[in-house]
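The values are calculated or read from the model by the stated rules, or taken from the named source; none is laboratory data. Predicted, not measured: the structure shown is a model, and the values here were computed from it. When we count neighbours, we look across all protein chains shown, and the Cβ atoms used for this are built from the backbone with ideal geometry, even at glycine.
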Amino acid sequence: MFGMKKSLTFVGLLAITGANAGAVDLTEGDFDAQVFESGKGAFVKFYAPWGGTNQRSRGVTLQASRRRENWSIRSSLSKKKKSRRGEQRRACFCHFLVRRSFRILSYRYYLFIIIIIIIVTNRCGHCKALKPAWDKLGDEYDGSSTVLIGDVDCTVHQNLCQKYGVQGYPTLKYFTANPMGDAYNGGRDYEELSKFAKESLGPSCGVEHMDLCDAEQKKSLETKMALSDSELDKLIEDSDAKLKQADEDLEALLKGLQQQYEDGKKAKEDAQAALSPELAQLRSVKRSRENGAKQEL
């Protein structure tokens, strides 16, 4: 019976997340090596297994889940649409079933639960559309020497997802020149993804492809190639530190704005509490006079 339970659990999880196919599983330990040091153009999907591909709402932020005190200001400032809130709740419901229900129900109910999970997750159009397209794209570039198709599980590598500004699942970013990656905002069917990869993720200017560099880029590369290993490491370390500081500055700004928002909200509530009784009396007197004037007429 226990073996059957394990098998059904696996089937249920597979129905929700599916295999990664040709996409490379990236971790905090190998992300830089795979994405930046391999000389490849990288196309990366940041996702959450229990959320699948149905948390595209930008109002649902990873930072909000880790730092609840920033939620109000992030929501108020961003004013993002939350049109898929129901899909997020369905995903959370599936997560609850997998994590909780399997512990207390007998094996007779497992198949029923799996069917419910499949029905709920399939109600999301993006769940049905993106994953097969992404898996097919991963298969297309499996073993490629120029393009990397990668996956990052944000429930496991939260710091990595936070570092690259992931604000919803799935987030697609491509890494060519920008060390923080650029958001992919194109179509999410296989044809659009494949077209983008072919046109934008091929070889780019670098030591491995000097023929693709213009004169200014070649000069800059030659200057860097003349550096010693220690000098090169120092420059990389300094740049990483600046990026980290920029992220910390943004977080500090958000916290400051959050405090201003809370202070302003409290001041408004205090003003309402102080002025409402007097305003109610003033309006009562005005109504009385208006009624009296009407009666005289």
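Considering only region 127-158, state which residues are in contact with a Gly (Cβ under 8 Å, 6 or more places away or on another chain) and at pLDDT below 65. Result: Cys127, single match. Looking across region 197-206, just one residue is in contact with a Lys or Arg (Cβ under 9 Å, 6 or more places away or on another chain) and modelled with pLDDT of 80 or more, and that is Leu201. Put simply, of Ala252, Ala197 the only residue that is assigned by TED's automatic domain parsing to the domain that holds Tyr174 and either aliphatic (A, V, I, L, M) or surrounded by 11 or more Cβ atoms within 10 Å (Cβ to Cβ) (or both) is Ala197. What do you reckon, is Leu221 surrounded by 12 or more Cβ atoms within 10 Å (Cβ to Cβ), assigned to a helix (DSSP H, G or I) and either modelled with pLDDT under 90 or assigned by TED's automatic domain parsing to the domain that holds Lys163 (or both)? Yes: the conditions hold for Leu221.
Would you be able to say whether some residue in region 224-238 is touching a Lys or Arg at 6+ places or on another chain (Cβ under 9 Å) and under 29 Å from Cys161 (Cβ atoms)? Scanning region 224-238, I find at least one residue that is touching a Lys or Arg at 6+ places or on another chain (Cβ under 9 Å) and under 29 Å from Cys161 (Cβ atoms), so the answer is yes. If I filter region 140-160 down to residues being in contact with a strand residue (DSSP E or B) (Cβ under 9 Å, 6 or more places away or on another chain) and more than 16 Å from Phe46 (Cα to Cα), which single residue comes out as surrounded by the most Cβ atoms within 10 Å (Cβ to Cβ)? If we take residues in region 140-160 being in contact with a strand residue (DSSP E or B) (Cβ under 9 Å, 6 or more places away or on another chain) and more than 16 Å from Phe46 (Cα to Cα), then Tyr141 is surrounded by the most Cβ atoms within 10 Å (Cβ to Cβ). Entry remark, region 188-204: residues being in a loop (DSSP other than H, G, I, E, B) and within 16 Å of Gly138 (Cα to Cα) number 4 in total.
Selection over region 161-172 of residues that are part of a strand (DSSP E or B) and crowded, with 22+ Cβ neighbours inside 10 Å gives a count of 2.
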